[in-house]
Amino acid sequence: MIRFEDVSVTYDGAAEPTVRGIDFEVPEGELVLLAGPSGVGKSTVLGAVSGLVPHFTGGTLRGRVTVAGRDTRTHKPRELADVVGTVGQDPLSHFVTDTVEDELAYGMESLGLAPDVMRRRVEETLDLLGLAGLRDRPIATLSGGQQQRVAIGSVLTPHPGVLVLDEPTSALDPAAAEEVLAVLQRLVHDLGTTVLMAEHRLERVIQYADQVVLLPAPGAPPVLGDPAEVMAVSPVYPPVVALGRLTGWTPLPLTVRDARRRAGDLRARLGVREGIGPQGRGAVIDMRLPPRGRDKPRTTRTRERPARTGPIGEVRALSVLRGRVQALSDIDLTITPGETIALMGRNGAGKSTLLNALVGLVKPSSGTVRLGEATPHRTAPRDLVRKVGLVPQEPRDLLYADTVAAECAAADQDAGADPGTCRALVTELLPGVLDDTHPRDLSEGQRLALALAVVLTARPPLLLLDEPTRGLDYAAKARLVTVLHALAAEGHAIVLATHDVELAAEIAHRVVLLAEGEVIADGPTADVVVSSPSFAPQVTKILAPQHWLTVSQVREALRPEAG
């Protein structure tokens, strides 16, 4: 159905091809996962299928890409629209109408489908993606995850034979991601739809893939094969594969179920030791639980927090009404120095609204928000930037200069920081980005890293991040975790809204779970996520009933000195 024949793409002004030697085939009715680190050209490969590369992006495409027998060099995207449906990383750039129902119908209208067919398919798609309750909502009022589902739905309604998806679950909560992936699997298995998908959160999608195409490095030829075989050599891999590599399981498990079946010996080796992740308001402790009957666990390798000098932020009885929607209702939250809090919950639960209230972008309908003596929505931006910083879901909202170097220079000046401060942070978060690169030419993950560096340049006591790992590969996420750990150790408070349960397990002291604008759980990470089937990380599911959260905890416990 899709055929790449020795394809390379070189963008205007680039010294080297972004991708080269791309040669593989996606058979009809298969789901093929495109994997690899950030910046290796996955979006370029996907764009070549829909004709966006090179017809809209510019540059030179060498070799041949065919979709259902049509050569994308001679067929522009509009001439491929009946066979290829595309959803990019940014759903906002995808929309052409104002409401959910109109957006779902637009693609079919463009193809001239009959009204009765359009009506039936819209209803089917609303049900498939759990959007029925949002059909009349303006798209601008939806959460990022809800917008992502609408974007996916809009390309499903024309029933294309090929779906091209770039990070389709990146903005979705775990339950919504499972729903979308189940729909894709149904399309593949029942209707013979061909799916080519790029996704960094491999723990969500690897089990659905028939084949994996790995782009191991920029400009390197792809590696194509069985998912387990490719994961054995891949530089990016999910926690279940990391645990399999650690323990030497062969073949590598790709699902929690397969790993649980092999984990008996591992549980025995771990014995009575039980790993608990960062949690609580005191020190972050890697606990070794003693046999039953002893009084207390002994603690080791403690990461101490700075002594508290009072809360950095306080939210009291906060309610926010946005139009006719009660976005937040009676929220109480205290944020202390050195504390990392993960806001979790389904799409539309109010996480982003709470972050926006903390940074002064949203005015409370009732209740109060205080950052020390400051009220965010009444504080001038030039003063607020040294108290709180927000990295939004769309990092481009913070970027306006023509080069990375110019962005960093402006950030240093705005923050009153030493020259080079921002650039050093960019290098730490995402090495290899050149000074003269335009922010629009960066991948989604690279833009996020740049925006984070811009915000961190001012070293605000309170750092807010909205879906900070969206678009980041595992290596970039590990670098982000290192930076955030260091900031917390210095006394910065961090509040992040995330659907990334693995990130919460790795970094959060507390998890605040939101539903319908209300707090339904607030406690130590292990207490909240372990008890939740939706928000438990893979390692927890594999090693239950023992309470391990991350592969790094298991690795540490298996060291000879850990016994």
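The values are calculated or read from the model by the stated rules, or taken from the named source; none is laboratory data. On a predicted model such as this, the values are computed, not experimentally measured, just so you know. Using ideal geometry, Cβ is built from the backbone for each residue, glycine included, and neighbour counts are taken over all protein chains shown. With ligands, DNA and RNA removed, areas are computed over all heavy atoms of the protein, side chains included. Shrake-Rupley method; radii C 1.70, N 1.55, O 1.52, S 1.80 Å.
Odds and ends about this structure:
- Only a single criterion out of (1) open to solvent by 20 Å² or more (accessible area, probe 1.4 Å); (2) over 29 Å from residue 205 (Cα atoms) is not satisfied by residue 531, namely (2).
- Residues in region 209-257 that are in a loop (DSSP other than H, G, I, E, B), open to solvent by 50 Å² or more (accessible area, probe 1.4 Å) and in contact (Cβ under 8 Å) with a residue 40 or more places away in the chain: 210, 218, 221, 235, 237.
- Residue match in region 444-455 (condition: out of contact with any Leu (no Cβ under 6 Å at 6 or more places or on another chain), modelled with pLDDT under 90 and not in a helix (DSSP H, G or I)): no
- Top-ranked residue in region 375-386 [being modelled with pLDDT of 90 or more and in contact with a helix residue (DSSP H, G or I) (Cβ under 9 Å, 6 or more places away or on another chain); ranked as surrounded by the fewest Cβ atoms within 10 Å (Cβ to Cβ)]: 377
- Residue selected from region 324-358 under the condition basic (Lys, Arg) and either open to solvent by less than 10 Å² (accessible area, probe 1.4 Å) or in contact (Cβ under 8 Å) with a residue 60 or more places away in the chain (or both), by the criterion nearest to residue 141 (Cα to Cα): 351
- Test set (1) within 29 Å of residue 347 (Cβ to Cβ); (2) touching a residue at least 40 places away in the same chain (Cβ under 8 Å); (3) hydrophobic (A, V, I, L, M, F, W, C) - residue 449 fails condition number: (2)
- Against the test of being touching a residue at least 12 places away in the same chain (Cβ under 8 Å), under 25 Å from residue 442 (Cβ atoms) and surrounded by 24 or more Cβ atoms within 10 Å (Cβ to Cβ), the options 501, 454 yield a single qualifying residue, 454.
- Check on residue 321, out of contact with any Lys or Arg (no Cβ under 6 Å at 6 or more places or on another chain), in a strand (DSSP E or B) and surrounded by fewer than 21 Cβ atoms within 10 Å (Cβ to Cβ): yes
- Checking the stated criteria, residue 370 turns out not to satisfy the condition of being at pLDDT below 90 and surrounded by fewer than 19 Cβ atoms within 10 Å (Cβ to Cβ).
- Listed by first and then second residue, the pairs with beta-carbon distance under 6 Å, at least 6 apart or on different chains, first residue in region 107-124 and in contact (Cβ under 8 Å) with a residue 40 or more places away in the chain, second assigned to a helix (DSSP H, G or I), are 107/154; 108/118.
- Region 463-494, residues that are in a strand (DSSP E or B) and either under 19 Å from residue 200 (Cα atoms) or touching a helix residue (DSSP H, G or I) at 6+ places or on another chain (Cβ under 7 Å) (or both): 463, 464, 465, 466, 494
- Residue match in region 187-203 (condition: open to solvent by 10 Å² or more (accessible area, probe 1.4 Å), closer than 30 Å to residue 323 by Cα and not assigned by the TED database to the domain that holds residue 502): no
- Out of 117, 155, 96, 164, sole residue that is open to solvent by 50 Å² or more (accessible area, probe 1.4 Å), modelled with pLDDT of 85 or more, under 23 Å from residue 79 (Cβ atoms) and not assigned by the TED database to the domain that holds residue 471: 96
- Looking only at region 3-38, and only at residues there that are of a type in the set (Asp, Glu) and in contact (Cβ under 8 Å) with a residue 60 or more places away in the chain, the one that is nearest to residue 167 (Cα to Cα): 30
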